[in-house]
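Novice: Quick one: the structure is below, and I'll ask about it shortly.
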Amino acid sequence: MRLTRNEWIKRSLRWQLWDKAALLRLSPSTQSEIVKVRKQVLAIGRNINQAVHAMNAANQPESSLDISRIAAALIEKCAEVKDVLMETRRVLASSIGGEIAYWTRRDEEQGG
């Protein structure tokens, strides 16, 4: 987790003593990965927004763009993005859940 011994001890104590420690106390490496994923999701949102603007432009009466071609590509990409986001969510939930279990010793209480 890229923590010094001192940081590890402080983090261990905080997790054991604070009820809501999980809200802001993920390890720096986990937090960094979450920030990267957030940036990627924002970029995906911008791309989808651009595609919707293109569809709206193609839908104008004076447009020479083929809306069915644009819409088909957008629908296909949205399906792909949905699958990737769902898998990313599953992996993040598992990873963060594992970190929380590590710090709170929840896994030991459940026989792990």
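Novice: Quick one: which of ARG46, ARG14 is among the charged types (D, E, K, R), modelled with pLDDT under 80 and open to solvent by 60 Å² or more (accessible area, probe 1.4 Å)?
Specialist: Step by step, each of ARG46, ARG14 is checked, and only ARG14 is among the charged types (D, E, K, R), modelled with pLDDT under 80 and open to solvent by 60 Å² or more (accessible area, probe 1.4 Å).
Novice: Taking the residues in the stretch 49-61 that are over 23 Å from the mean Cα position of the chain (by Cα) and assigned to a helix (DSSP H, G or I) as candidates, determine which candidate is surrounded by the fewest Cβ atoms within 10 Å (Cβ to Cβ).
Specialist: Going through the qualifying residues, I end up with HIS53.
Novice: In the set SER94, SER68, SER64, which member is small (Gly, Ala, Ser) and open to solvent by 100 Å² or more (accessible area, probe 1.4 Å)?
Specialist: Exactly one of SER94, SER68, SER64 is small (Gly, Ala, Ser) and open to solvent by 100 Å² or more (accessible area, probe 1.4 Å), namely SER64.
The values are calculated or read from the model by the stated rules, or taken from the named source; none is laboratory data. As the structure is a prediction and not an experimental result, all values here were calculated from the model. Counting neighbours? That spans all protein chains shown, and the Cβs are built from the backbone with ideal geometry, glycine included. Side chains included, ligands, DNA and RNA excluded: accessible areas come from the protein's heavy atoms. Shrake-Rupley method; radii C 1.70, N 1.55, O 1.52, S 1.80 Å.
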